[in-house]
Amino acid sequence: MTEERDLGSQPLLLVLESWGLSNHDLVVASPEQLTHKQVQRACQGRKLTLKMKQKLARTLNFAIWGRLTNNEREEFSEYFPKHLFNYSKGFEKNVSDINAGILMGIGERKLRRDFKEELGIQS
């Protein structure tokens, strides 16, 4: 019995592109020591454990949340593994992004200082 491990490009990659974020932005925003290799494998479709999928979802939310203004934060909905990986339980194909109404390129924005201090992220 062989299990397919490489599942192709994942919705995570589209979400990153929609928000204007890079793999490096996730690594920098992660308080859980996420590596570039882990993010790359997730985007390329390497099958991950639930724990790793949750870690990536949390980090993505941190990377976005840390760049939003207080008003923008009120409209933001958190991403979960079912939104980011097409092999996750509860994934729905052909469903638009949960934050489609507020998607913007925030890649040029820096993480807010108050957010970095709260998470204990060093500059």
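How about segment 63-86: which of its residues are surrounded by 14 or more Cβ atoms within 10 Å (Cβ to Cβ) and more than 22 Å from Arg113 (Cβ to Cβ)?
Keep residues of segment 63-86 that are surrounded by 14 or more Cβ atoms within 10 Å (Cβ to Cβ), which gives 63-68, 72, 76, 79-86.
Residues satisfying the conditions are Tyr79, Phe80, Pro81, Lys82, His83, Leu84, Phe85, Asn86.
For Leu60, the conditions (1) out of contact with any helix residue (DSSP H, G or I) (no Cβ under 6 Å at 6 or more places or on another chain); (2) surrounded by fewer than 18 Cβ atoms within 10 Å (Cβ to Cβ); (3) not β-branched (Val, Ile, Thr) all hold with the exception of (2). Selection of segment 28-43 for residues being surrounded by fewer than 17 Cβ atoms within 10 Å (Cβ to Cβ) and touching a helix residue (DSSP H, G or I) at 6+ places or on another chain (Cβ under 8 Å) yields Pro31, Glu32, Thr35, His36, Gln40. For segment 79-90, which residues satisfy the criterion of being under 16 Å from the mean Cα position of the chain (by Cα) and free of Cβ contacts under 8 Å to residues at least 60 places away in the same chain? Hits for segment 79-90 are Phe80, Pro81, Lys82, Ser88.
The C-beta contact set for segment 100-123 (first residue within 18 Å of Val27 (Cβ to Cβ), second residue not in a loop (DSSP other than H, G, I, E, B) and not aromatic (Phe, Trp, Tyr), distance under 7 angstrom, 6+ apart or interchain) comprises Ile106/Ile64; Gly107/Asp25; Leu111/Ala29; Ser123/Lys116.
With the condition being among the charged types (D, E, K, R), I'd like the helices (runs of 4 or more DSSP H) fully within segment 13-85 carrying at least 3 qualifying residues. So that I can check it myself, show each step before the final result.
Details: elements: 23-29, 36-44, 50-65, 70-75, 81-84.
Fully inside segment 13-85 and qualifying: 50-65, 70-75.
Rule-based calculations on the coordinates, nothing more; no lab input. Here the structure is a predicted model, which is why all the values come from computation and not from measurement. Quick reminder, even Gly has a Cβ in these numbers, built from the backbone with ideal geometry, and neighbours come from all protein chains shown.
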